[in-house]
Amino acid sequence: MATPTVNLPGLTRRRLLVICGILAGTLAVTSLVSLSLGAVSIPVWQVLTAMIKWVMGAQDSIPSEYRLILFEIRGPRIVLGMLVGAALAVAGASFQALLRNPLADPYVLGVSSGAALGAIVILIIGRPAEPFLPLAAFLGAGATIAVVYWLGQKAGQLESNTLLLAGVITASFLSAVIMFLMTTLSGRELRGAAFWLMGDLSTPSPLWLLWLFGVLLVGAVGFVYGVAADLNVLLAGEREATHLGVDVARTKTLVYLCASLMTGLAVSASGSIGYVGLLVPHLVRLLFSSDYRVLIPSSALLGAMLIVLADTLARTVVAPTELPVGAVTAIAGAPLFIYLLRKRSMG
Amino acid sequence: MRENFRTSLWLALALVLALKAGPELLAGPVALAARQVTDEAGRSVRLPERIERVISLAPNLTEIIYALGAENRLVGVTDYCDFPEAARAKPRVGSVLSPSAEQIVALKPDLVLATVAGNRAESVATLERLGVPVYATNPRSVDDVLASILHVGDVLGEEQAALRLASDLRHRLDALGRRLADVSLPRVLFVVWEEPLISAGRESFLTDAIARAGGQSITATFSAAWPRLSLEAALEEQPDFLIFAYHGSPAEKAAERSLRQAQLKHKPGWREFRAVRQGKVIVVSDTINRPSPRLFDAMEELARTLHPEVF
């Protein structure tokens with residue numbers, strides 16, 4: 001993107017690397033602690049020993065229940081948590097720039113309702129087996145993205161306010177359809193659906209899904225990062241951005257598609273986990289910078305860390321019973337958001 | 001000559017195949033030491049010949065395991081497994097809806113028993129993926145409850161105890177049926193939940209249990225297992241009795257009954273039930289909600305309340 005950028009003071013490559021390094025380090029430590037905690041506690045040194053053995057290919061010398069817990073249950077769950085957290089946080093930051101609205105989050109455009117509807121339809125048909133559920137959720141998300149995109153256009157251009165309204169209306173319409181289906185469902189499916197709406201990481205994802213998610217996520221984050229400088233300009237206003245040589249229509253479409261894809265992936269893997277997409281970008285703005293070149297990678301890392309943290313709490317506070325992670329992020333997220341809001345308006 | 005050649009070729013091929021297959025044929029019986037059974041949800045489950053460590057994911061299954069005398073092999077229960085008293089002391093694996101897979105794996109079970117109605121399909125799929133065999137029960141009638149007892153006895157290797165228990169319960173059920181042979185069936189509304197009003201439908205064992213206890217549920221033909229119905233529709237039906245379930249001693253149940261009766265008399269909508277005005281609100285033991293041996297106690301209790309004249 002050879003667009004002239006508004007030069008924000010203080011951003012050097014070194015500073016960006018330092019910020020990302022700190023966040024990545026914290027993420028690694030959090031994950032290690034998360035691996036050792038749970039209904040069955042495993043000391044950190046034993047986790048490390050097991051991981052070394054795993055890397056060396058000596059899986060058989062790991063006690064079988066540790067092997068199952070670390071590498072079949074907790075490990076994939078932590079990886080999925082990271083992917084979901086990163087996807088939601090970057091999607092949140094993207095939508096906030098796209099809609100020029102600090103309240104925008106990954107769900108504001110109805111993507112999660114679309115995904116939930118897809119999942120619930122599959123639950124009604126009675127096929128909660130592996131490939132169908134995430135696939136249906138993703139198709140639901142994709143269809144919603146397409147409809148909202150079509151509704152959000154004005155004279156062939158993506159118009160922020162129209163898009164926002166189209167998203168809100170679509171979301172509430174889809175929620176109503178979900179409520180209708182849920183009252184007509186019998187008890188068993190209803191419980192599965194409730195977990196879906198709350199956001200839950202307890203069902204292990206198959207490996208292929210994690211890989212697919214990971215690859216698509218890196219691609220989408222890369223795309224958004226590529227236009228980060230344009231997003232900085234876009235926040236000042238579309239006309240200004242056009243004057244500065246930004247291809248506004250193209251940037252908006254690209255960001256919209258990437259952010260929707262990330263949201264769709266997150267929701268189809270874990271249901272709708274709230275607050276992360278709203279909170280994390282604001283947290284990064286407060287801690288580091290509101291420059292999108294910092295905001296995008298930092299949000300990804302911080303989002304990943306916060307979800308791992310929240311899910312660790314979800315697994316441990318009332319162990320061995322597990323809470324849906326969405327309940328933890330909502331309980332912790334809402335007060336934290338209010339705190340940030342107050343602090344900002346004071347300062 | 002050519003014929004012979006061809007025959008000998010075939011023979012040679014057969015010999016090679018036999019030699020190749022030989023070790024496997026010999027190993028066959030060892031590999032078959034594991035059993036292949038089909039559970040009540042129609043899933044094919046591979047079980048070791050002898051189950052030494054079993055985990056129960058539902059209170060009714062815990063009760064069945066105790067009733068079969070297999071409690072020594074029960075190594076994990078849910079937070080809701082409260083009967084018999086000793087079950088509370090067993091290691092917990094979490095709630096019925098979200099048990100911890102980690103905890104279950106750490107207890108190294110040979111078998112996990114689950115219910116289709118109570119547990120989530122995702123929990124079962126997760127355990128299956130981790131290589132833990134899961135046998136799911138799915139009783140939708142009182143006869144199914146007896147069948148479940150036999151099936152659980154079968155997978156646990158307690159066939160004799162299960163047969164004794166099931167035939168004992170069967171006798172009690174038949175005796176109850178004979179007693180109630182000539183009574184007229186009152187129409188009842190079983191209140192699973194008050195607001196919103198939820199009752200039991202066609203797919204629930206509860207509907208069958210009510211019928212066996214000499215009642216006719218006004219929601220017996222509803223297609224959902226736990227249908228939600230409007231108060232209007234229930235009032236239109238004007239059931240002869242309203243039934244509530246309650247956990248407690250007979251004295252506590254009697255107190256609960258007077259309390260309910262008094263409350264409903266003043267509650268808008270509910271006070272329009274003829275049954276409420278006539279004092280025909282019944283409180284029955286909450287074991288009516290559990291497809292376990294104690295379901296039969298609750299059925300007898302309900303029958304006694306609905307038809308005191310034949311007892």
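The values are calculated or read from the model by the stated rules, or taken from the named source; none is laboratory data. Predicted model only: the values in this text are computed from it and were never measured. Cβ coordinates were reconstructed from backbone atoms using ideal geometry, including for glycine residues, and neighbour counts include every protein chain displayed. What goes into the accessible areas is simple: the full protein's heavy atoms, side chains included, and nothing from ligands, DNA or RNA. Shrake-Rupley method; radii C 1.70, N 1.55, O 1.52, S 1.80 Å.
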Notebook entry, point to check: Considering amide H positions built from the backbone, and no H for Pro or chain starts, which residues 5 or more places from B:Arg35, or on another chain, come under 5 Å of its amide H?
Noted result: B:Leu47, B:Glu49
Notebook entry, point to check: Expressed as a rounded percentage, what relative contact order does segment B:33-159 have, with Cα pairs under 8 Å and six or more residues apart?
Noted result: 27
Check: With a Cα-only, solvent-free Debye model of chain A, what are the log10 I(q)/I(0) values at q = 0.08 Å⁻¹?
Finding: -0.39
Margin query: Within segment A:13-346, what whole-number % of the accessible surface is contributed by carbon and sulfur, with the 1.4 Å probe and all protein chains included in the calculation?
Written below: 71
Next item on the list: Give the distance, in whole Å, between the Cα centre of segment B:78-94 and the Cα centre of segment B:129-168.
Entry: 19
Next item on the list: Indicate the helices, whole DSSP H runs only, in chain B that combine a mean Kyte-Doolittle hydropathy of 0.5 or more with a Cα extent along their long axis of 15 angstrom or more.
Entry: B:2-31, B:142-156
Notebook entry, point to check: Within 10 Å of each Cβ of A:67-78, how many other protein chain Cβ atoms are there on average?
Noted result: 3
Notebook entry, point to check: What Kirkwood radius, in Å to one decimal, follows from the Cα pairs of segment B:240-311?
Noted result: 12.8
Next item on the list: Distance between Cα centroids, segment A:298-326 to segment B:188-244: provide it in whole Å.
Entry: 41
Notebook entry, point to check: By the gyration tensor of its Cα atoms, with a ≥ b ≥ c the square roots of the eigenvalues, what is the shape of the protein assembly as shown: rounded for a/c under 1.5, prolate for a/b over b/c, or oblate?
Noted result: oblate
Margin query: Can you tell me the length gained on complete extension of the stretch A:Ala146 to A:Cys20, counting 0.36 nm per residue apart and subtracting the Cα distance?
Written below: 42.0 nm
Notebook entry, point to check: Which ³J(HN,Hα) values in Hz, rounded to whole numbers, follow from the phi angles of segment B:39-55 under the Karplus curve 6.51 cos²θ - 1.76 cosθ + 1.60, where θ = phi - 60° and Gly and Pro get x?
Noted result: 7, 6, 8, x, 8, 8, 10, 9, 10, x, 4, 10, 8, 9, 9, 10, 10
Margin query: If you count only protein heavy atoms with a 1.4 Å probe, what accessible area per residue comes out for the protein assembly as shown, rounded to a whole Å²?
Written below: 46
Check: How many lysine pairs are close in the protein assembly as shown, with Cα atoms under 25 Å apart and the two 8 or more places apart or on different chains?
Finding: 8
Check: Roughly what % antiparallel, to the nearest 5, for the DSSP beta bridges in the protein assembly as shown?
Finding: 30
Checklist line | Axial C-alpha extent at least 24 Å, average Kyte-Doolittle at least 0.0 - helices from chain A (DSSP) | finding: A:13-36, A:75-98, A:132-151, A:160-184, A:207-226, A:248-270, A:292-316, A:325-346
Next item on the list: First check a/c for segment B:192-311, with a ≥ b ≥ c the square roots of the eigenvalues of its C-alpha gyration tensor; if it is under 1.5, answer rounded, and if not, answer prolate when a/b is larger than b/c or oblate otherwise.
Entry: oblate
Check: Hey, rough spin-label estimate for B:Glu194 and A:Ile338, points 7 angstrom out along Cα→Cβ, what's it come to in nanometres?
Finding: 3.1
Item checked: Three principal axis lengths of chain B [C-alpha, angstrom, descending] -> 100, 46, 35
Notebook entry, point to check: Can you give the average number of partner chain beta-carbon atoms within 10 Å of each beta-carbon in peptide A:203-213, as a whole number?
Noted result: 1
Next item on the list: Could you work out the relative contact order of chain B, using alpha carbon pairs under 8 angstrom and six or more residues apart, expressed as a whole percent?
Entry: 13
Checklist line | Additional length obtainable on full extension of the chain from A:Ala58 to A:Leu210, 0.36 nm per residue less Cα span | finding: 52.4 nm
Item checked: Packing-based ranking, highest mean first, of A:64-73, A:273-282, B:102-111 given that Cβ atoms within 10 Å are counted -> A:273-282, B:102-111, A:64-73
Note to self: Which residue fluctuates most in the GNM of chain A (Cα springs below 10 Å): A:Arg315, A:Arg100, A:Arg13?
What the structure shows: A:Arg13
